[in-house]
Amino acid sequence: MSKYTQREAITVSQILQAKAAGKKISCVTCYDAAFAKLIEATQVDLVLVGDSLGNVVLGHDSTIPVTMDDMVHHTAAVARVLRRPFICADMPFLSYNLSVEQALSNAGRLVQVAGAQAVKVEGGAAIVPQIKAMVQAGIPVMGHLGLTPQSVHAMGGYRVQGRGSDAAKRIMDDALTLQEAGIFSLVLEMVPAELAGRISAALKIPTIGIGAGPQCDGQILVLHDLLGFDEEFKPKFLKKYANLGKIIKDAISAYDGDVKAGSFPAAEHSFKD
Ligand code: KIV
């Protein structure tokens, strides 16, 4: 059944109402149908098909190589399964910066072809014309300020942003400008908690934090990070809710051992005549 016929799917207005009611919004990333099925069984509000896809699934060392085709392919896999959570898809590097027409056409693919309900873009005042055009075309847009990984080369690495009054003011000004342009929510990544608190208080739309402290209206983590796939990856902002990396390695090693010892498959795994 199409996502669009699902009356129980969370809407933009419910996300806005959550902020007004002081209810925290829980968000997580997802890139495939298997995990989407597990997320569907939870109460998570919003699923982001993030371009972190590049790092955690496609084996790139940044989000920059991720393409529109990658995003459409993975968003469609997630949207085939999810019914209740709101689905937002990231617009990848340079898929919206060239022109309003480019942004509209690529956002249209993510919504019309892949089944997203909204798109996310990184950046401030420079992309206001694109945001206004997408919103006018009926595509809800999520903003993303602070550490914006698509600009990692310009930022000189994955560092906390908005430290010091000038940098903090730039992020606050961009947040107000994006709200004015029509975004329905704003990701704040790796900014001081006090700044994120001030921005959250200044905006009518919800802020969604990652490494931005407890005062944001919602939180997001990369699914593979919160599940502990990579034992080496331990940024300060991350809380691991499981250590699946070790559990999965142990399971695959046990299978490998059984196959090599000839103990799998056993009689109970074999068919009779
Ligand atoms: O791509 C992504 O996963 C993101 C979140 C970390 C917000 O942009």
- Message: Please compute the volume of the convex hull spanned by the alpha-carbon atoms of the stretch 1-81 and report it per residue in Å³.
- Response: 115
- Item | Accessible-area composition of the stretch 21-142, carbon plus sulfur, in percent [1.4 Å probe] | 58
- Calculated FRET efficiency for the pair Ala137/Asp173, C-beta based, R₀ 35 Å, to 0.05: 0.85
- Hey, in the GNM for the chain with a 10 angstrom Cα cutoff, which one of Gln14, Gln130, Gln179 fluctuates hardest? Gln14
- Query: For the stretch 162-216, which whole percent of the accessible surface, found with a 1.4 angstrom probe, sits on carbon and sulfur atoms?
  - Reply: 53
- Its Cα gyration tensor gives the stretch 136-267 an equivalent ellipsoid whose semi-axes in whole Å, largest first, are 41, 17, 13
- Around Asp90 (Cβ within 14 Å, Cβ-to-Cβ, excluding Asp90; K/R +1, D/E -1) the net charge comes to -3
- Query: What is the calculated FRET efficiency for Thr67 to Asn243, with r their C-beta to C-beta distance and R₀ = 22 Å, to the nearest 0.05?
  - Reply: 0.10
- Item | Where labels lie 7 Å past Cα in the beta-carbon direction, separation of Asp256 and Tyr158 in nm | 2.6
- Gain upon complete extension [Lys37, Thr11; 0.36 nm per residue less C-alpha separation]: 7.4 nm
- Whole-number D in µm² s⁻¹ for the stretch 222-272, Kirkwood Cα-pair radius fed into Stokes-Einstein, 20 °C, 1.002 mPa s: 164
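Please state, to two decimals, what the Cα-based radius of gyration of the chain comes to when divided by 2.2 N^0.38 Å (N = residues). Mind showing how you got there, number by number?
Working: Rg = 20.1 Å, N = 273, 2.2 N^0.38 = 18.5 Å.
Expressed relative to 2.2 N^0.38 Å, the Cα Rg reads 1.08.
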- Quickly estimate the mean residue ellipticity at 222 nm for the chain, helices only: each DSSP H run with n ≥ 4 gives -39500 (n - 2.57), and the total goes over all residues, rounded to 500. -11000 deg cm²/dmol
- Considering the chain as a Gaussian network with a 10 Å cut-off on Cα pairs, which listed residue, Ala107, Ala261, Ala33, attains the greatest mean-square fluctuation? Ala261
- Rg followed by Dmax, in Å, when the stretch 85-166 is reduced to its Cα trace: 13.5, 43
- In square angstrom, what is the accessible area per residue of the chain with a 1.4 angstrom probe? 50
- Take each of the peptides 111-119, 208-216, 40-48, average the number of other beta-carbon atoms within 10 Å over its residues, and list them starting from the highest. 208-216, 111-119, 40-48
- Query: Which Rg and Dmax, in Å, describe the Cα atoms of the stretch 1-143?
  - Reply: 14.5, 40
- Task: Could you grab the Rg to Rh ratio for the stretch 130-175? Cα atoms only, Kirkwood for Rh.
- Result: 1.08
- Where GluC sites (Glu not before Pro) fall in DSSP loop in the stretch 185-273, at most 15 other Cβ within 10 Å: Glu231, Glu232
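The values are calculated or read from the model by the stated rules, or taken from the named source; none is laboratory data. Computed from a predicted model, the values in this text were never measured in an experiment. As a convention, Cβ positions derive from the backbone with ideal geometry for all residues, glycine included, and neighbour counts pool all protein chains shown. Surface areas here come from the heavy atoms of the whole protein model, side chains and all, with no ligands, DNA or RNA. Shrake-Rupley method; radii C 1.70, N 1.55, O 1.52, S 1.80 Å.
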